[in-house]
Amino acid sequence: MQLIRAIIRPEKVDEVVDSLDAKGFSAFTRIDVFGRGKQKGIQIGPTVYDELAKVMLMIAVNNEDSDEIVRIIEESARTGSFGDGKIFIGPIDEAYTIRTGEMGL
Ligand SMILES: Nc1ncnc2c1ncn2[C@@H]1O[C@H](COP(=O)(O)OP(=O)(O)OP(=O)(O)O)[C@@H](O)[C@H]1O
Ligand SMILES: [Mg+2]
């Protein structure tokens, strides 16, 4: 299992979630976050915004689904401009469904 953390534009969340859902990946956790990337925020006129509002989607996936999910997120979250976001992936050691006590997703 892998944990995908995708930090994306807030206005792209619906499109990303719908695209994942259409391929059968319906579960996610959504967290509103602030952050900045390589450009260290953005300057609009005289105003510098050090940190920008983004949304982090946390999606736990089986290993064999990871590549497809990353591709779906990239395609649906991309505008082509700076700040489209990042995807971080790391292993999950264990997962449990609380209701059943079952191990796994
Ligand atoms: N190295 C990082 N570590 C943790 N979070 C990051 C990192 N880089 C970016 N982020 C998060 O992702 C958000 C979007 O980053 P962003 O898309 O600007 O990345 P970038 O690497 O600067 O790419 P681009 O050049 O396309 O803008 C940031 O606001 C921040 O929340
Ligand atoms: Mg950037």
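The values are calculated or read from the model by the stated rules, or taken from the named source; none is laboratory data. All figures in this text were calculated on a predicted structure; none of them were measured in a lab. Cβ coordinates were reconstructed from backbone atoms using ideal geometry, including for glycine residues, and neighbour counts include every protein chain displayed. Each accessible area value is taken on the protein alone, full model and side chains, heavy atoms only, with ligands, DNA and RNA left out. Shrake-Rupley method; radii C 1.70, N 1.55, O 1.52, S 1.80 Å.
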So which residues in the stretch 53-65 are open to solvent by less than 50 Å² (accessible area, probe 1.4 Å) and under 15 Å from LYS86 (Cβ atoms)? LYS54, VAL55, MET56, LEU57, ILE59
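Yes or no: GLY104 more than 15 Å from ligand 1 (Cβ to nearest atom), in contact (Cβ under 8 Å) with a residue 24 or more places away in the chain and either on the phi > 0 side of the Ramachandran plot or of a type in the set (S, T, N, Q) (or both)? Steps first, answer last, please.
On the way: more than 15 Å from ligand 1 (Cβ to nearest atom): yes; in contact (Cβ under 8 Å) with a residue 24 or more places away in the chain: yes; either on the phi > 0 side of the Ramachandran plot or of a type in the set (S, T, N, Q) (or both): yes.
Criteria met by GLY104.
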Within the stretch 37-81, residues free of Cβ contacts under 8 Å to residues at least 60 places away in the same chain, part of a helix (DSSP H, G or I) and either within 12 Å of ligand 2 (Cβ to nearest atom) or among the β-branched types (Val, Ile, Thr) (or both) come out as ILE72
Going by what's in this entry, would ALA77 be described as closer than 22 Å to LYS23 by Cα, in contact with a Gly (Cβ under 8 Å, 6 or more places away or on another chain) and open to solvent by less than 100 Å² (accessible area, probe 1.4 Å)? yes
Looking at GLN39, is it open to solvent by 100 Å² or more (accessible area, probe 1.4 Å), modelled with pLDDT under 95 and of a type in the set (S, T, N, Q)? no
For the stretch 82-93, name all the residues that are near ligand 2 (Cβ under 9 Å from one of its atoms) and part of a loop (DSSP other than H, G, I, E, B). PHE82, GLY83, ASP84
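May I ask you to list the residues in the stretch 88-105 that are under 20 Å from ILE8 (Cα atoms) and open to solvent by 50 Å² or more (accessible area, probe 1.4 Å)? Show your work before the answer.
Narrowing the stretch 88-105 to residues under 20 Å from ILE8 (Cα atoms): 88-90.
Within the stretch 88-105, PHE88, ILE89 meet the criteria.
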Count of residues meeting criterion [more than 18 Å from GLY83 (Cβ to Cβ) and not charged (D, E, K, R)] in the stretch 11-52: 11
Residue ID - farthest from ligand 2 (Cβ to nearest atom), chosen from residues in the stretch 8-36 that are of a type in the set (Ser, Thr, Tyr) and open to solvent by 60 Å² or more (accessible area, probe 1.4 Å): SER26
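Residues ILE69, ILE44: which one is more than 9 Å from ligand 1 (Cβ to nearest atom), closer than 17 Å to VAL13 by Cα and either open to solvent by 90 Å² or more (accessible area, probe 1.4 Å) or modelled with pLDDT of 95 or more (or both)?
Values: ILE44 fails: closer than 17 Å to VAL13 by Cα.
Criteria check complete, one pass: ILE69.
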